[in-house]
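Visitor: I have a structure I would like to understand better, so I am pasting it below and will then ask my questions one at a time.
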Amino acid sequence: MRHRVLLFAAGLAVVSGIETARALLAGRAVATPEEWQAATSQVRANLQPEDLIVFAPRWADPIGRLYLGDRIPVEMAARADAARYRRIWEVSLRGAQAPEAVGSHPVSTTHHGRIRVTLYQKVPIEVAYDFTSQHGRAHASEFPTDGRGNEVACYSEQSTLHCPETRVEPRILTVDFQPRRGLEFSTSPSHTTRLEFPEARLGKVLIIYTGASEYDTRKHLDAPIHIEVSIDGFRLSEIRHAPGNGWQLTSVDTSRWAGVRHVVRFEVAGAPGGWRNLGLHAEARP
């Protein structure tokens, strides 16, 4: 019995020693304000218009914005992805790499204590048509999803399209606790919202991002929201945004319509069982 007690005490001492060592070393792994100031000063001094600033790992983003927040406009913070940017400044801790930098060419790397600053360069993608920016040109209507009723036009007021049961408005969405720029559809379980762009210039690819907007939607969404995409009346794609899908990307080949303006229509049908908010951002790309 005494032997077991001694073994237990020895084991406890070892564990305590390990935890103490970890606690002592943890402080050494934390970047200091001076290191943050030095790293972000380098970015600030060399930043060019339209450069993208990212922080890695993701939890470092709020800290980084304390030092560079004035150089991160809303459009950058709420971007759909990094496709538009030619250069990316990555400020990282503990060897982490931001998803936006994966596949890009590193031009330079410097270290400021525990912080690494890397400049990446890549080929940017020009956007032929940004549906979020062009929402003011769109027409909205609403009709019963079961077909038992007439289609009703929606009216516009201060950039919001108001329908009898739903609405569409440009917003900075909250998807997976990150800001995303897009259009918010307040969906109905009984009605479908139709948003039509009469003169959208298309490229070879139409990219569509969807996400459950706001915490309550993510918490209570228990059935897919359906999004149907059509060009000139031809049904091109049907998207099912299911619970837990996050910021979901759908890419559609539109090469047969590239270079010409077309009627592009999005139809959003809410999930049964309650009201749900869907965020959507779409771009036509070369």
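The values are calculated or read from the model by the stated rules, or taken from the named source; none is laboratory data. This one's a predicted model, so the numbers in the text were calculated from it and none came from an experiment. Cβ: placed from backbone, ideal geometry, glycine included. Neighbour counts: every protein chain shown.
Visitor: Which of (1) under 25 Å from Asn150 (Cα atoms); (2) at pLDDT 95 or above is the odd one out, the single condition Gly270 does not satisfy?
Guide: (2)
Visitor: Sticking with this one: All but one of (1) over 20 Å from Tyr209 (Cβ atoms); (2) not assigned by TED's automatic domain parsing to the domain that holds Ile207 hold for Glu151; which doesn't?
Guide: Here Glu151 meets the rest and fails (2).
Visitor: Would you confirm whether any residue within the stretch 178-188 is part of a strand (DSSP E or B) and surrounded by fewer than 18 Cβ atoms within 10 Å (Cβ to Cβ)?
Guide: yes
Visitor: Also: Return the residues of the stretch 233-286 that are within 21 Å of Asp176 (Cα to Cα) and part of a loop (DSSP other than H, G, I, E, B); say none if nothing qualifies.
Guide: Ala242, Pro243, Gly244, Asn245, Gly246, Trp247, Gly270, Ala271, Gly274, Trp275
Yes/no per residue for (1) within 28 Å of Ile125 (Cβ to Cβ); (2) in contact with a strand residue (DSSP E or B) (Cβ under 6 Å, 6 or more places away or on another chain); (3) surrounded by fewer than 22 Cβ atoms within 10 Å (Cβ to Cβ):
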residue: Glu142; (1), (2), (3): no, yes, no
residue: Thr145; (1), (2), (3): no, yes, yes
residue: Thr160; (1), (2), (3): no, yes, yes
residue: Ile231; (1), (2), (3): yes, yes, yes
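Visitor: Going by what's in this entry, would Pro49 be described as within 17 Å of Pro179 (Cα to Cα) and either hydrophobic (A, V, I, L, M, F, W, C) or surrounded by fewer than 14 Cβ atoms within 10 Å (Cβ to Cβ) (or both)?
Guide: When the stated conditions are applied, Pro49 does not pass them.
Visitor: OK, next. Suppose we keep only residues that are crowded, with 16+ Cβ neighbours inside 10 Å and in contact with an Asp or Glu (Cβ under 7 Å, 6 or more places away or on another chain) within the stretch 98-113. Which one would you say is nearest to Ala38 (Cα to Cα)?
Guide: Looking at residues that are crowded, with 16+ Cβ neighbours inside 10 Å and in contact with an Asp or Glu (Cβ under 7 Å, 6 or more places away or on another chain), I get His112.
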